[in-house]
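Below you'll find the structure, written out as structure tokens, and then a few comments.
The values are calculated or read from the model by the stated rules, or taken from the named source; none is laboratory data. What you are looking at is a predicted structure, and each value in this text was computed from that prediction instead of being measured. Here the Cβ is made from the backbone with ideal geometry for all residues, glycine too, and neighbour counts use every protein chain on show.
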Amino acid sequence: MADLLEESRARTAMRRSLRRWYDRHGRDLPWRRNRSLYRVWVSEIMLQQTQAATVIPYYRRFLDAFPSVRALARAPEQEVLRLWEGLGYYRRARNLHRAARQVAEAFGGRIPRDVEQLQQLAGIGRYTAHAILSFALDRRLPILEANTRRLYRRLSGPASEWGDRELWAFAERLLPRDRVADWNNALIDVGSLVCTPKAPRCWECPLQRWCAAFASGETETTEGREERPTATPLQAVAVVLEDGGRWALRQCGEGEWWTGLWDFVRVHLEMARDEPPTRTEVRALVQRETGIEVGICEPLSVIRHSVTRYRIRLDCFRASPADSRRAQPKNGYRWCERSEVETLPLTATARKLARLAMRRCLREGHAGCRS
């Protein structure tokens, strides 16, 4: 650590070693080929808490639909969320859309090139502002995210108790004077591919010579080892309420899970249990939730998934109104044609349910299935 902070020759040698490694092993990612401010910005928001391999197809589809910040600013939120569907953490998409409108309204459609101005935009903090300007414009700015934070702590020693303030300062001292974008990308790639949280591949690391953790033989990081809270079991019921060629859905409101996305009839039960609710219980839940009296009701599937700290068992049913003439949903639900559902941004479980219900419908040859 002392050598890296105080010895300019050590820093120079380290930079040279890392650059050589990056020139041979750096990942070929689409946002590294075209480094416009807008494209780098979109990639950085998508990469938050998401692996690069997962992001790539979403990134390409998103830019096909919204090739510029002005195009994104003009787009309806529902269209933005539909393109984001399946990527998760939907607040990122809403913030990106909101920030694009801020750029259009406050900056004449030109993305700010100033760190402080960038951080005024929705969803952009210090790391994201530095990353955008560094990767797009080669600005001499340090970065600090999960991979580089772990890497810096290992370089400075296994017993390092540095907080972010010290780590930001450390990152700044190591910055080269040129090829800053490649330098920061190289740090991320080493952290992602070599200096991994568990079983780091030290024999492949271009920074091994300067790593205090490697020198001490204590490379296993304690970062992230704190005990996770026990997952809370929840049980919910989801119902594809259908009437001819239409389904009952509602848009999740502000403050709910999946804000802005659409979902089928969904009710959380007061107590989780191992067995599914009876059809009588499901009919009562649907009537309470939508105001519609249910006739036919049958099981469709069981989906198990997690949301934040909850482990959810979702018992899924198909149902239809007892009397279509009196089936006017309440509580925000409305009838949507199946063709319309294809264009709406749905929750992940709702999209899965829509496909299950459509396959069942086609298999049974019901009228209106192809509408």
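A few remarks follow.
- Only one of the numbered conditions (1) crowded, with 20+ Cβ neighbours inside 10 Å; (2) free of Cβ contacts under 8 Å to residues at least 60 places away in the same chain; (3) over 20 Å from ARG313 (Cα atoms) is not met by ALA248, and that is (2).
- Flag if GLU281 is at pLDDT 90 or above and within 32 Å of the chain's Cα centre (by Cα): no
- Screening the candidates GLY295, GLY253 for the property of being closer than 13 Å to GLY332 by Cβ, touching a residue at least 12 places away in the same chain (Cβ under 8 Å) and either among the polar types (S, T, N, Q) or not assigned by TED's automatic domain parsing to the domain that holds ALA93 (or both) yields one hit, GLY253.
- Helices (runs of 4 or more DSSP H) fully within the stretch 135-248 counting 3 or more residues that are at pLDDT 95 or above and in contact with a Pro (Cβ under 9 Å, 6 or more places away or on another chain): 180-193
- For the stretch 262-284, the criterion of being hydroxyl-bearing (Ser, Thr, Tyr) and either surrounded by 13 or more Cβ atoms within 10 Å (Cβ to Cβ) or closer than 30 Å to LEU87 by Cα (or both) is met by none of the residues.
- Qualifying residue in the stretch 53-62 (condition: polar (S, T, N, Q) and either more than 14 Å from the chain's Cα centre (by Cα) or under 27 Å from CYS211 (Cα atoms) (or both)): no
- Residue in the stretch 23-50 that is surrounded by the fewest Cβ atoms within 10 Å (Cβ to Cβ), counting only those that are of a type in the set (Gly, Ala, Ser) and assigned to a loop (DSSP other than H, G, I, E, B): SER36
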